[in-house]
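What follows is a single structure, written as structure tokens, with notes after it.
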Amino acid sequence: MSEHTTIPTPCAGLRIGDMAPDFEARSTIGPVRLSAYRKRWLVLFSHPADFTPVCTTEFVALAREAAAFEQRNCTLMALSVDSLFSHFAWLRMIRDKFDLEVRFPILEDPTLVIGRAFGMVSAQDNDSATVRTTFFIDPDGVIRAMTCYPANLGRSVPEMLRILDGLQAIDARGALAPANWQPGEPMLSPPSHDLDDVYAADDITGWFLRDTGSKS
């Protein structure tokens, strides 16, 4: 483990609603502590390795949408087993090839202590080459959503933004986001827990499946 990396005891099987484990690590923008990003949303995501084809396309896509995440008061933070200097070389290659600078922090995790603490890799794994895990962490440090993709399938940046928009809209309105929901579309009201409401509903789904009556 790098002398600049500190992490609590690994906790396997993080779930939605858990506090994200705090850590400090070296990154492409200097030392980073996770808890310093409280009061902002944070998308923490792992990538299998630098200089790999799918990861390169993801970082180009995310860098192009960095302003969209910033508009949502959200920081992007990447993590891989590669060293800090490997990250630098990779970002230079991306800049020279695509005329695009990646400015969000990329952490080094050479001994997988952060990856194991977040359950991105198991205690028995020797590398992170099989996973693309993403954690959506709210301003209080709580894990609100997670996704996990295989190494050979890249993430959808529009879906990452949709998840973030949905979580923020849910918090702002106390409502529910239906399937395929997009910003500006109606949301659902939480179902009633009162039997009188069930019997008084205009139709058989009116007590549990109804929109809020306004657009988000």
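Where a number appears in this text, it was derived from the coordinates with a stated rule and is not lab data. Since the model is a prediction, treat every value here as computed from it, not as a measurement. Counting neighbours? That spans all protein chains shown, and the Cβs are built from the backbone with ideal geometry, glycine included.
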* Spherically averaged projected area in nm², based on the convex hull that wraps the Cα atoms of the stretch 174-216 -> 3.3 nm²
* **FRET efficiency estimate (nearest 0.05) - Cβ-Cβ, Thr147 to Thr52, R0 22 angstrom** => 0.75
* Would you list Ile94, Ile16 from fewest to most Cβ contacts within 10 Å? -> Ile16, Ile94
* Using +1 on the beta carbon of Lys and Arg, -1 on that of Asp and Glu, and nothing else charged, what's the dipole of the stretch 131-216 about the Cα centre, debye to 20? -> 600 debye
* Structure fact -> In terms of the charge dipole of the stretch 24-155, which places +1 on Lys and Arg and -1 on Asp and Glu at the beta carbon, the residue among Ser35, His47, Val81 farthest towards the positive end is Ser35
* To do: Select from Met160, Leu100, Ala67 the residue farthest towards the positive end of the dipole of the chain; place +1 on Cβ of Lys and Arg, -1 on Cβ of Asp and Glu, and compute about the Cα centre.
  => Leu100
* Asked: What is the dipole size for the chain, taken about its Cα centre, with +1 at each Lys and Arg Cβ and -1 at each Asp and Glu Cβ, in debye to the nearest 20?
  -> 540 debye
* Once the principal axes of the Cα atoms of the stretch 24-155 are found, what is the range along each, listed largest first in whole angstroms? -> 39, 38, 28
* Structure fact -> Per-residue Cβ contact counts at 10 Å, fewest first, order Cys148, Cys55 as Cys148, Cys55
* To do: Arrange Leu107, Leu188 by Cβ neighbour counts within 10 Å, fewest through most, would you?
  => Leu188, Leu107
* To do: Identify which of Asp202, Asp165, Asp109 has the largest mean-square fluctuation in a Gaussian network model of the chain, with springs joining Cα atoms closer than 10 Å.
  => Asp202
* Structure fact -> Computed for the stretch 174-216: size of charge dipole around the Cα centre, +1 on C-beta of each Lys and Arg, -1 on C-beta of each Asp and Glu, debye to nearest 20, value 240 debye
* Structure fact -> Candidates Phe51, Phe118, Phe59; GNM for the chain (alpha-carbon contacts under 10 Å) flags as most fluctuating Phe51
